[in-house]
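Since the structure comes first, as structure tokens, the remarks are kept for the end.
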Amino acid sequence: MNTAAAPMPETADALLRASPLPALEARILLTHVLGWRRTELITRGDEPLAGAARAQYRALEARRVAGEPIAQIVGTREFFGLDFEVTPHVLIPRPETELLVETALAALEGIAAPRVLDLGTGTGAIAVAIASARPDARVWALDRSADALAVASRNASKLLDAVRPGGALSLLQSDWYTALDAALSFDAIVSNPPYIRHGDPHLSEGDLRFEPRGALTDEADGLTAIRIIVAGAGQRLAARGQLWIEHGYDQAADVRSLLAASGFENVHSHADLAGIERISGGTWTNDATARGAQGT
Ligand SMILES: C[S@@+](CC[C@H](N)C(=O)[O-])C[C@H]1O[C@@H](n2cnc3c(N)ncnc32)[C@H](O)[C@@H]1O
């Protein structure tokens, strides 16, 4: 008589129970492999899975255990309700950057067919989110990285072609403003630049270890890109145009000083849900007399 127990069928439930990952991460990887919706993990959790699917799940699980970001493993990250392609060439869009999009959209309220510039676009997250929410806006997005621009271009096509046929985004490879047509002027300039200072321990922790170094840090005091962006914004902003910049948790006062010293008015910061000042900005008057009166 054969007394060996039959192997237990391996189900989604069994894989999730045995996973060393936090439950949410294991579910994201498993739905990615199976092509299931999240609710199917509940309704179909006891179905035996094909060996190939189990092997594929275990391979992805091992990558995550080794530290690779979930967004790079599955190749997407949701931002502002849109699914962006993510590769190792781009920063993974962060939830806190949605504050920058919301602030830019508020700045554009009441302006018909506004013109917007996104500096350091990466996946295109900020530019695409604004273009999606304001189909009448003309949006330019630039980045120094050709690899990032390729990702941004695919995201723009995938996410915008339906809402704005033929008029998605104008993408440009440029070192900040250098390759930008000097005749262009914008109602809003937005940027989430590399602002982590050299030697910050976060650079060697978590997801940041897998993201492009040039998207994260200036290898200096963290303010190099912000100084360039603030200094060049006035020449490119329309009268009453606004500049909004995302920055580090401890950089708000420095960024406000740079904005005020460059002649911006109504300079202020917005805090994220945790109460941390995450973005700072101001309004460009285009009034040389007013700026002269401020000593700039
Ligand atoms: C923090 S990431 C932001 C990506 C995206 N905007 C987001 O918020 O998810 C900064 C981006 O700035 C780009 N960048 C860095 N230096 C640059 C430069 N000198 N000129 C233009 N873009 C630059 C990087 O390639 C990267 O895509």
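Taking amide H as placed 1.01 Å from N in the peptide plane, the amide H of F84 sits under 5 Å from that of R77, E78, F79, each at least 5 places away or on another chain.
Using the Kirkwood formula on the Cα atoms of the chain, what hydrodynamic radius do you get, in angstrom to one decimal? Please report the intermediate quantities before stating the final value.
On the way: mean 1/r = 0.0476 Å⁻¹.
When all Cα pairs of the chain are included, the Kirkwood radius is 21.0 Å.
Taking amide H as placed 1.01 Å from N in the peptide plane, the amide H of R278 sits under 5 Å from that of H270, A271, D272, each at least 5 places away or on another chain.
Remark: the stretch 73-87, residue by residue, has Karplus-estimated 3J(HN,Hα) of 5, 8, x, 8, 8, 7, 9, 6, x, 10, 9, 9, 5, 10, 10 Hz, where x stands for each Gly or Pro and the curve is 6.51 cos²θ - 1.76 cosθ + 1.60 at θ = phi - 60°. Here the chain is treated with +1 on each Lys and Arg Cβ and -1 on each Asp and Glu Cβ, and its dipole about the Cα centre works out to around 420 debye. Close amide H pairs (under 5 Å, H built 1.01 Å from N) link E219 with H198, residues at least 5 positions away or on another chain. Between the listed residues I92, L172, A274, the Cα displaced farthest toward the positive end of the dipole of the stretch 88-293, a dipole computed from Cβ unit charges relative to the Cα centre, is found at L172. Within the assembled protein chains, the solvent-accessible surface assigned to L34 is about 40 Å², based on a 1.4 Å probe. Ordering of 44-51, 224-231 by packing is 224-231, 44-51, highest average first (other Cβ atoms within 10 Å, averaged per residue). Each residue of the stretch 182-191 was assigned a 3J(HN,Hα) from its phi angle through the Karplus expression (A = 6.51, B = -1.76, C = 1.60, θ = phi - 60°), giving 5, 7, 6, 9, 10, 7, 8, 10, 10, 7 Hz with x at Gly and Pro. Packing-based ranking of 272-280, 139-147 yields 139-147, 272-280, ordered from highest to lowest mean Cβ neighbour count within 10 Å.
Taking every DSSP bridge with both residues inside the chain, close to 45 percent are antiparallel.
Helical content of the chain, expressed as a calculated mean residue ellipticity at 222 nm, amounts to -10500 deg cm²/dmol (DSSP H runs of 4 or more residues, -39,500 (n - 2.57) each, divided by residue number, nearest 500). What the phi angles of the stretch 57-67 give under the Karplus curve with 6.51, -1.76 and 1.60, with θ = phi - 60°, is a coupling list of 4, 5, 5, 5, 4, 5, 5, 5, 4, 6, x Hz, glycine and proline written as x. Quick one: net charge around L41, please, counting Lys, Arg +1 and Asp, Glu -1 for every other residue with C-beta under 11 Å from its C-beta. Counting the neighbours of L41, the net charge comes to 0. Computed with a 1.4 Å probe over protein heavy atoms only, the accessible area of F210 comes to about 70 Å².
Distance between the modelled labels on H268 and R38, one decimal in nanometres: 3.4 nm (7 Å Cα→Cβ projection).
When the charge dipole of the chain is built from unit charges on Cβ atoms (+1 for Lys and Arg, -1 for Asp and Glu) and taken about the Cα centre, the candidate among W140, I70, G35 whose Cα reaches farthest toward its positive end is G35.
Seen from every direction in turn and averaged, the convex hull around the alpha carbons of the stretch 12-66 projects onto 3.3 nm². Once all protein chains are placed together, R154 keeps about 110 Å² accessible to a 1.4 angstrom probe.
The values are calculated or read from the model by the stated rules, or taken from the named source; none is laboratory data. Since we're looking at a predicted model, the values are computed, not measured. Neighbour counts run over all protein chains shown; Cβ positions are idealised from the backbone, glycine included. Protein only, heavy atoms only, side chains kept; ligands, DNA and RNA dropped before computing areas. Shrake-Rupley method; radii C 1.70, N 1.55, O 1.52, S 1.80 Å.
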